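Here is the structure we will look at.
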Amino acid sequence: MYKIIEKNFLAENIVMFKIKAPMVAKSAKPGQFVIVRIDEKGERIPLTICDYDRSLGTVSIVVQVVGASTCKMAKLNQGDYILDFAGPLGNASEFVNLNEEELKNKKYLFVAGGVGAAPIYPQVKYLRQLGVYCDVIIGARSKELVILKEDIEKLGCRVYISTDDGSLGIRGRVTDLVKKLVEEGNTYDEVVAIGPVVMMKFVSMLTKELNIKTTVSLNSIMVDGTGMCGACRVTVGGQTKFTCTDGPEFDGHLVDYDEVIKRQNMFRDEEVRRMHHTSECSCF
Amino acid sequence: MRVPVKELKVEERIKCFDEVCLGYSEEEAVLEASRCLNCKSANCVKKCPVGVDIPKFIEYIKKREFEKAAEIIFKYNSLPSICGRVCPQEIQCEGGCVLGKKGEAVAIGKLERFIGDYVLNNDIDVFKKEPKKNKKVAVVGSGPAGLSCASTLAILGYDVTIFEALHEAGGVLVYGIPEFRLPKEKIVKKEIENLLKLGVEIKTNVIVGRTVTLNQLFDELGYEAVFIGTGAGLPKFMGIKGENANGVYSANEFLTRANLMRAFLDEYDTPLKIGKRVAVIGGGNVAMDAARTAVRLGAEVHIIYRRTEDEMPARLEEIHHAKEEGVIFDVLTNPVEILADENGWVKGMVLRKMELKGVDESGRRIPVEVEGSDYVEEFDTVIMAIGTVPNPIISYTTSEIKINNKRCIVVEEDTGKTTMEGVYAGGDAVTGAATVILAMGAGKRAAYAIDHYLSNNNN
Ligand SMILES: Cc1cc2nc3c(=O)[nH]c(=O)nc-3n(C[C@H](O)[C@H](O)[C@H](O)COP(=O)(O)OP(=O)(O)OC[C@H]3O[C@@H](n4cnc5c(N)ncnc54)[C@H](O)[C@@H]3O)c2cc1C
Ligand SMILES: Cc1cc2nc3c(=O)[nH]c(=O)nc-3n(C[C@H](O)[C@H](O)[C@H](O)COP(=O)(O)OP(=O)(O)OC[C@H]3O[C@@H](n4cnc5c(N)ncnc54)[C@H](O)[C@@H]3O)c2cc1C
Ligand code: SF4
Ligand code: SF4
Ligand code: FES
């Protein structure tokens with residue numbers, strides 16, 4: 001059992017939990033994820049690690065309510081327990097394997113869509129602690145859904161915002177900002193884009209034109225997260241890969257995004273049925 | 001003639017996940033035992049991978065001394081309720097029985113199961129523990145290899161911790177083999193509880209290589225030896241067109257959703273969708289389990305296999321049960337392409353006829369494609385049961401552990417010693433997908449090797 005130490009709403013339907021899980025906290029690295037099972041009857045839910053504190057033995061996760069399980073999760077409170085919390089899973093971001101010397105002169109551009117700001121956070125934090133230059137773009141539907149902006153700014157990087165309705169930052173898409181920053185003369189060694197699959201697809205198309213190496217983090221449907229089921233398979237560069245053990249981060253220019261999108265909708269009918277089953281989500 | 005064993009009626013069992021084979025009663029067991037000739041140099045024993053003293057335990061059944069029979073079995077095999085149910089007896093113990101030459105072999109598996117269940121049902125304490133040695137050993141993976149290694153070490157007096165990646169212990173016994181063949185609450189959980197009684201600690205949700213590395217187990221957590229029993233769970237796919245379409249599952253995914261996550265029960269959250277017509281590709285136990293699970297979920301199920309029924313590696317009993325339950329066998333057939341609709345969902349397969357020509361070096365007939373024989377069949381779901389390779393996480397993350405070109409961990413045959421000091425391995429992780437009893441045997445051998453290593457190494 002894993003205790004919820006803290007719970008905060010970052011937006012109307014986005015919750016951050018700080019969970020006591022010392023073994024996970026000790027080994028966690030940016031880019032990795034955990035698998036959470038709320039109770040005996042729950043499914044295994046993959047969630048990216050958003051932050052970790054090795055001395056306190058805590059791991060933070062950010063959950064966006066999209067269906068029955070994430071809804072059930074959002075209803076949990078500080079002091080409650082989660083039955084299973086397995087991780088860290090997946091490979092750490094590639095830059096974790098680079099030494100300070102190799103990283104020193106590199107410039108990174110992070111592009112987060114919606115709740116994608118959560119997985120971006122530990123990556124930027126890691127790089128900034130080593131003094132690496134990072135710019136960050138956060139895109140969301142509207143102002144209320146922009147999360148972690150101040151936290152990321154505190155890491156000492158410039159944060160650019162785009163919203164669909166123009167309620168914060170520019171009115172438009174993250175790709176508009178990427179284009180703008182590059183046109184203004186900024187150069188980047190690598191773009192890291194995390195968010196909805198369509199967003200990652202369009203960012204990758206753009207950066208391919210701009211000839212900037214791009215890394216994306218895929219959120220395929222998973223069951224075990226240990227390489228045992230193949231539910232998470234994706235086509236990357238024409239080859240089948242397992243997101244949980246080969247990823248979750250891949251070369252954004254090689255991913256077959258249309259397949260990822262189709263596979264994500266695999267259980268949509270069942271999920272809708274299940275939502276009704278558990279009656280409407282009423283966590284807020 | 002063998003004493004027939006009671007089974008759940010076909011009409012009943014295809015509607016539920018209850019165990020199909022009901023096992024022998026005391027009377028039936030004693031009667032069946034009385035057929036055994038108590039052979040001197042018994043051939044059955046030679047064909048059992050762990051050499052269970054079959055004539056001796058059967059002798060005690062004849063005399064109704066069931067606890068004595070248990071004592072004999074447990075010397076060789078600590079999970080008889082499980083092995084009695086899942087060993088491919090027809091090619092192992094029973095395949096060697098002299099009575100099989102003219103008539104029917106003694107039902108050794110069913111008798112072993114009877115004794116195993118007797119022990120579980122009567123809470124008999126079969127293990128005699130040696131004094132504590134105050135040395136810690138870690139076991140990675142809680143499948144049959146890990147379980148038998150852990151129990152042997154615990155009996156020898158070691159402090160044993162099992163680390164399991166999933167949320168439940170048991171490996172394939174819980175996530176793969178279905179309830180109707182191996183009941184989870186009644187059998188697997190109880191066998192695991194017996195292990196806990198020996199003082200073995202089980203830590204779930206720990207992925208060794210990720211949550212904690214092998215080196216950390218030694219340096220930070222104070223373990224003096226490690227056994228790796230991580231299995232061969234990584235599913236193979238065929239590499240044909242359309243294989244990533246929605247509705248194409250690996251057997252592992254399909255069975256894990258059904259067994260481990262109980263997706264067939266409405267009150268559980270994990271979804272599973274199969275439609276009306278299901279194709280299962282393969283002819284092993286895994287294929288039969290997937291097919292029979294799909295039958296119970298209400299589908300018309302086809303087994304697609306490129307050789308004939310004679311070459312199928314599945315246990316005879318499984319093939320027999322699958323047929324009884326209405327599974328259709330399309331043999332000498334191989335998929336060449338999976339067809340998907342505009343939303344990316346499976347709608348059918350292009351299949352090709354095969355014929356058998358000659359034999360390969362292992363003596364198996366070689367399937368050859370029949371040219372121009374392609375045809376299309378409609379299916380809603382395709383389940384790939386064409387094999388698995390060893391789980392990758394430890395070898396990905398631990399450079400000291402050498403693997404071969406089949407991704408199997410390289411070990412010294414007799415001891416299970418790996419290329420890393422103090423680390424032993426066994427079961428499917430070493431052999432590739434094999435059997436429960438072979439995994440158990442390897443776990444036990446490694447336990448003795450670890451005992452030897454720790455007794456000589458650092459007293
Ligand atoms: C590596 C990884 C990291 C992730 N990190 C985060 C995160 O940090 N924050 C966050 O809010 N979400 C994250 N997700 C997505 C999250 O796992 C899903 O939103 C969640 O499982 C949906 O469950 P549900 O029952 O609430 O929704 P459902 O109603 O079941 O499904 C809604 C949608 O969520 C997706 N989904 C459903 N089941 C799964 C599953 N088992 N695995 C993956 N996706 C699924 C599908 O696209 C589906 O259409 C991550 C996914 C992966 C694979
Ligand atoms: C559907 C199916 C049906 C079968 N039917 C039969 C049958 O009828 N008869 C028979 O004899 N055999 C059968 N088998 C084969 C048999 O189950 C296996 O040979 C046997 O389970 C192998 O045991 P094992 O202990 O080596 O590995 P497994 O049972 O695979 O257990 C390995 C365990 O290690 C865990 N693990 C993996 N990596 C890590 C890690 N890094 N850290 C922590 N834990 C980890 C896994 O989660 C798993 O629980 C069947 C297999 C399947 C899949
Ligand atoms: S362990 Fe398996 S092979 Fe050996 S006697 Fe028992 S059932 Fe037969
Ligand atoms: S070979 Fe058959 S008859 Fe002989 S001891 Fe073994 S089981 Fe009994
Ligand atoms: S989630 Fe099962 S293999 Fe990746």
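The values are calculated or read from the model by the stated rules, or taken from the named source; none is laboratory data. Note that the coordinates shown come from a computational prediction; the quantities given were computed from them, not determined experimentally. Don't worry about glycine lacking a Cβ; one is built from the backbone with ideal geometry, like all the others, and counts go over all protein chains shown. Note: areas computed on protein heavy atoms with side chains; ligands, DNA, RNA excluded. Shrake-Rupley method; radii C 1.70, N 1.55, O 1.52, S 1.80 Å.
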Segment A:105-127 scanned against label point 7 Å out from A:I170 along Cα→C-beta; backbone N under 17 Å for A:109-114
Any chance you could look up the accessible area of B:K63 with a 1.4 Å probe, heavy atoms only, rounded to 10 Å²?
-> 110 Å²
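Using a simple charge model, +1 on the beta-carbon of Lys and Arg, -1 on the beta-carbon of Asp and Glu, nothing else, what dipole does segment B:306-459 show about its Cα centre, in debye to the nearest 20? Kindly include the intermediate steps, with their values, before the conclusion.
Working: 16 positive and 27 negative charges, 135 e Å.
Here segment B:306-459 has a charge dipole of around 660 debye.
Summing +1 for each Lys or Arg and -1 for each Asp or Glu, what net charge is found among the other residues whose Cβ lies under 10 Å from the Cβ of A:Q32?
Numbers: positive: A:K29, B:R210; negative: A:E249.
Charge balance near A:Q32 sits at +1.
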For the charge dipole of chain B, defined by +1 on Lys and Arg C-beta atoms and -1 on Asp and Glu C-beta atoms about the Cα centroid, which residue among B:S148, B:L195, B:G103 has the Cα displaced farthest towards the positive pole?
-> B:G103
In nanometres, the difference between 0.36 nm per residue of separation and the alpha-carbon distance of B:K357 and B:E300 is 17.4 nm
Check A:I49: other-chain or 5+ apart residues with amide H under 5 Å from its amide H, H built from backbone geometry?
-> A:Q32, A:F33, A:V34
In the protein assembly as shown, with Lys and Arg counted as +1 and Asp and Glu as -1 at Cβ, which of these residues, B:G242, B:G209, A:I120, has the Cα nearest the positive end of the dipole, that is, farthest along it?
-> B:G209
With a/c under 1.5 counting as rounded, go ahead and sort chain A into rounded, prolate or oblate using the C-alpha gyration tensor (a ≥ b ≥ c being the square roots of the eigenvalues; past the cut-off, prolate if a/b is larger than b/c, else oblate).
-> rounded
Put simply, what bits of segment B:244-262 lose 30 Å² or more of accessible area when the other protein chains are there, versus the chain on its own (1.4 Å probe)?
-> B:N244, B:N246, B:E253, B:T256, B:R257, B:M261
In whole angstrom, the spacing between the Cα centers of segment B:9-38 and segment B:207-246 equals 37 Å
Looking at chain B, do any whole DSSP H helices span at least 18 angstrom along their long axis by alpha carbon and average 0.0 or above on Kyte-Doolittle, and which?
-> B:108-121, B:436-457
Before rounding to the nearest 500, sum -39500 (n - 2.57) across all DSSP H runs of length at least 4 in chain B and divide by the residue total; then give [θ] at 222 nm in deg cm²/dmol.
-> -9500 deg cm²/dmol
The alpha-carbon center of segment A:37-57 and that of segment A:230-245 are separated, in whole Å, by 23 Å
In whole Hz, what ³J(HN,Hα) sequence does segment A:45-59 give by Karplus (6.51, -1.76, 1.60; θ = phi - 60°), x for Gly and Pro?
-> 10, x, 9, 6, 6, 9, 6, 8, 10, 5, 6, 8, x, 10, 10
Once amide H atoms are built 1.01 Å from N in the peptide plane, which residues 5 or more positions from B:V212, or in another chain, come under 5 Å H to H?
-> B:I207
What is the interface area between chains A and B, defined as buried accessible area summed over both chains with a 1.4 Å probe, reported in Å² to the nearest 100?
-> 3900 Å²
B:R2 paired with A:E209, simple spin-label distance in nm, labels 7 Å along Cα-to-beta-carbon | 7.0 nm
Measure off 7 Å from each Cα along the Cα-to-Cβ vector at B:D53 and B:L196, then give the distance between these two points in nanometres to one decimal.
-> 3.3 nm
For segment A:93-173, listing trypsin sites (Lys or Arg not before Pro) in a DSSP loop whose Cβ sees at most 11 other Cβ atoms within 10 Å gives none
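When N is the residue count of chain B, what does its C-alpha Rg come to as a fraction of 2.2 N^0.38 Å? Present the calculation step by step, with values, prior to reporting the outcome.
Numbers: Rg = 22.6 Å, N = 459, 2.2 N^0.38 = 22.6 Å.
Normalised Rg, Cα atoms only: 1.00.
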Of B:G84, B:V30, B:S41, which is farthest on the positive side of the dipole of segment B:10-121, counting Cα position, with +1 on Lys and Arg Cβ, -1 on Asp and Glu Cβ, and the Cα centre as origin?
-> B:S41
Could you provide, to the nearest whole Å², the per residue accessible area of the protein assembly as shown with probe 1.4 Å?
-> 41 Å²
Based on Cβ point charges of +1 for Lys and Arg and -1 for Asp and Glu, what charge dipole magnitude is obtained for segment B:119-252 about its Cα centre, in debye rounded to the nearest 20?
-> 180 debye
Can you give the convex hull volume per residue for the Cα atoms of the protein assembly as shown, as a whole number of Å³?
-> 175 Å³
For segment A:15-60: relative contact order, % (alpha-carbon pairs under 8 angstrom, 6 or more apart) = 49 percent
Could you work out the relative contact order of segment A:210-251, using alpha carbon pairs under 8 angstrom and six or more residues apart, expressed as a whole percent?
-> 44 percent
Estimated FRET transfer efficiency when R0 is 60 angstrom, pair B:V410-A:F9 (beta carbons, to 0.05) | 0.70
First measure r as the distance between the Cβ atoms of B:D266 and A:N105, then evaluate 1/(1 + (r/R0)^6) with R0 = 56 Å and state the FRET efficiency to the nearest 0.05.
-> 0.45
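Give, rounded to the nearest 20 debye, the magnitude of the charge dipole that segment B:10-121 has about its Cα centre when Lys and Arg contribute +1 at Cβ and Asp and Glu contribute -1 at Cβ. Provide the component values of the computation, followed by the final result.
Values: 17 positive and 18 negative charges, 122 e Å.
Here the size comes out at about 580 debye.
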List, in order, the whole-Hz ³J(HN,Hα) value for each residue of segment B:302-311 obtained from phi through the Karplus relation with A = 6.51, B = -1.76, C = 1.60 and θ = phi - 60°; use x for Gly and Pro.
-> 10, 8, 10, 9, 7, 9, 9, 4, 4, 8
Calculate what fraction, in whole %, of the accessible area of the protein assembly as shown sits on carbon and sulfur atoms when a 1.4 Å probe is rolled over the protein chains.
-> 50 percent
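Determine the relative contact order of chain B: mean sequence separation of Cα pairs under 8 Å and six or more apart, normalised by residue count, in whole percent.
16 percent
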Interchain or long-range residues, amide H under 5 Å from A:A231's placed H = A:V223
Put B:K128, B:K135, B:K417 in order of accessible area, largest first, 1.4 Å probe: what do you get?
-> B:K128, B:K417, B:K135
